[in-house]
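Colleague: The structure is given below, and queries will be raised subsequently.
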Amino acid sequence: MAELNEISVLEIEDGDRVHERNADWPQPFSDGDVYIYTAEGVDRLNEDTVQVRITGGDIPSAITYGATDTVKIEPR
């Protein structure tokens, strides 16, 4: 697999494949595991907070980030 690119969450585009690793997530996500999702847009909630919408599934989902956070995505 090609090397991942690190970008600002505000630069995420529809269709980007985000690789997320977070030790604080509840099970089934755990420290060291990587969750890969396809983004379906970014909503800025306020000056400090954004949500990245996730495609797929029957229930609308989003992951909340700080406006200055970065993520790793697969090359476009």
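Colleague: So, in nm, how far is label Glu13 from label Thr70 when the simple model puts each one 7 Å beyond its Cα toward the Cβ?
Modeller: Taking the simple label geometry, Glu13 and Thr70 are separated by 1.9 nm.
Colleague: Tell me which residues come under 5 Å, amide H to amide H, from Thr49 once H is placed; ignore anything under 5 positions away on its chain.
Modeller: For Thr49, whose amide H was placed from the backbone, the distant partners under 5 Å are Ala67.
Colleague: Right, something else. Which ³J(HN,Hα) values, rounded to whole Hz and listed in residue order, are derived for region 47-64 from phi using the Karplus coefficients 6.51, -1.76 and 1.60 in 6.51 cos²θ - 1.76 cosθ + 1.60 with θ = phi - 60°, glycine and proline given as x?
Modeller: With the stated coefficients, region 47-64 comes to 4, 9, 10, 10, 10, 9, 6, 10, 7, x, x, 8, 10, x, 10, 7, 10, 8 Hz.
Colleague: Could you let me know the centre-to-centre spacing of region 38-63 and region 1-17, using Cα atoms, in angstrom?
Modeller: Taking the Cα centre of region 1-17 as reference, the centre of region 38-63 is 14 Å away.
Colleague: Same structure, new question: List, in order, the whole-Hz ³J(HN,Hα) value for each residue of region 10-17 obtained from phi through the Karplus relation with A = 6.51, B = -1.76, C = 1.60 and θ = phi - 60°; use x for Gly and Pro.
Modeller: 6, 9, 4, 10, 3, x, 4, 9
FYI, it's all coordinate maths here, none of it is from the lab. These figures come from a predicted structure and were not determined experimentally. We place every Cβ from the backbone using ideal geometry, glycine too, and count neighbours over all the protein chains shown.
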